[in-house]
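Step one of this worksheet: look at the structure below.
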Amino acid sequence: MIAASHDDGYWLGFDLGGTKMHAGLFDRKLQAVGHRRKKTRGHEGAEAGVERICNSIEKLLAELDVPATQLRGIGVGCPGPLDLDKGVIIEAPNLGWKDVALKDQLEKRFGCPATILNDVDAGVFAESKFGAAIGARTTLGVFPGTGIGAGLVYEGRIFRGRKSSCLELGHIPVVPNGAMCGCGRRGCLETVASRLSMSAEIAKAAYRGQAPQLMRVAGTDLANIRSGTLAEAIREGDAIVEKIVRDGARHLGVAIAGAINLLLPDIIVLGGGLVEALPKLFVEEVEAALANHVMPAYVGTSEVKVAKLGDDAGALGAAAWIRQLVEEKAVKS
């Protein structure tokens, strides 16, 4: 952590995840001043969860000797369906939260403007401003993990629906009458290209004796088959693991090709733990899929890059977004 300066106040970005929460404090230039991470403990309920968010912010401010009156705004990247205008988490299934008026509660507690945004949107916004997509007119971010998150930044603004976030690339249907997806539909991209779906197929292969290295380090328990574990198994020669992951990355590339035909982004940012563990594999497969499936006139117009900001992207993007909203409102008034 660096010494805090009180010039022009501070912006607070918060990344609310299913298992971890991350508060980041940034100065007027959005340089990081300090961070605080802790477990989310969503099972304790929404009321306790909001209190945990507020306590995390207060402790970070205390550690940095920054009074709450110096906060200019708080942005929170959240999972689940959101009412962006009202600042309400409609439902966060992985936390068990429903109808949480987070924006109002933060504004009352800290006396500054607050906003919520989709957690993936926050990460993509950060990459567009400070990471892999600086200078892009249109940035499409795609983050395969337990599910598949995506977000779009167009001409410096997060692309959204009328009330909520959008770009649910993971729920584009790709396999007619395919496997059941967590959303309740069949054949979504997540059923073939998420880390969870690939890990399930890999666990079956390990059970059949086809992936001895992975079996040795992780067994067939999905909880133990993490991104780094998959990368290690591939390095150690588990050919079936590499085939399954490449097949998933290829499906991802085909879906991205469809998005390019619709949106023509200049930069595609691939991120998340699985891409970080296997960047070369994912870029290769996605680029090959784009070459085969993007309409000919658009081939080569979108550059595929790996995200640069890692775990800090969500908090930084949330802080940058609230700053932009506050500054835009000030200009209008």
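The values are calculated or read from the model by the stated rules, or taken from the named source; none is laboratory data. As the structure is a computational prediction, the values presented were derived from the model and not from experiment. Here the Cβ is made from the backbone with ideal geometry for all residues, glycine too, and neighbour counts use every protein chain on show.
Some notes on this structure:
- The number of residues in segment 174-205 that are in a loop (DSSP other than H, G, I, E, B) and in contact (Cβ under 8 Å) with a residue 12 or more places away in the chain comes to 10.
- The one condition in (1) at pLDDT 95 or above; (2) over 16 Å from residue 318 (Cα atoms); (3) crowded, with 18+ Cβ neighbours inside 10 Å that residue 125 fails to fulfil: (2)
- A single entry from 101, 48 fulfils the requirement of being among the hydrophobic types (A, V, I, L, M, F, W, C), modelled with pLDDT under 95 and over 20 Å from residue 129 (Cβ atoms): 48.
- When residue 49 is tested against (1) crowded, with 16+ Cβ neighbours inside 10 Å; (2) touching a Lys or Arg at 6+ places or on another chain (Cβ under 6 Å); (3) at negative phi, just one condition goes unmet, and that condition is (2).
- Any hit, segment 7-16, residues being surrounded by 18 or more Cβ atoms within 10 Å (Cβ to Cβ) and out of contact with any strand residue (DSSP E or B) (no Cβ under 8 Å at 6 or more places or on another chain): no
- Scanning segment 188-224 for residues that are under 22 Å from residue 175 (Cβ atoms) and of a type in the set (S, T, N, Q) turns up 191, 194, 197, 199.
- Scan of segment 133-155 for residues that are part of a loop (DSSP other than H, G, I, E, B), surrounded by 22 or more Cβ atoms within 10 Å (Cβ to Cβ) and touching a Gly at 6+ places or on another chain (Cβ under 9 Å), ordered by number: 133, 147
- The set of residues in segment 145-173 being over 19 Å from the mean Cα position of the chain (by Cα) and without any contact (Cβ under 8 Å) to a residue 24 or more places away in the chain consists of 155, 162, 173.
- Unique residue being modelled with pLDDT of 95 or more and under 18 Å from residue 244 (Cβ atoms) when the list is 307, 289: 289
- Residue identified as over 25 Å from residue 259 (Cα atoms), assigned by TED's automatic domain parsing to the domain that holds residue 80 and not in a helix (DSSP H, G or I) among 115, 220: 115
- Conditions (1) at pLDDT 95 or above; (2) farther than 14 Å from residue 318 by Cβ; (3) not β-branched (Val, Ile, Thr); number of the one not met by residue 117: (2)
- Residues being under 22 Å from the mean Cα position of the chain (by Cα) and of a type in the set (D, E, K, R) are represented in segment 265-275 by at least one member.
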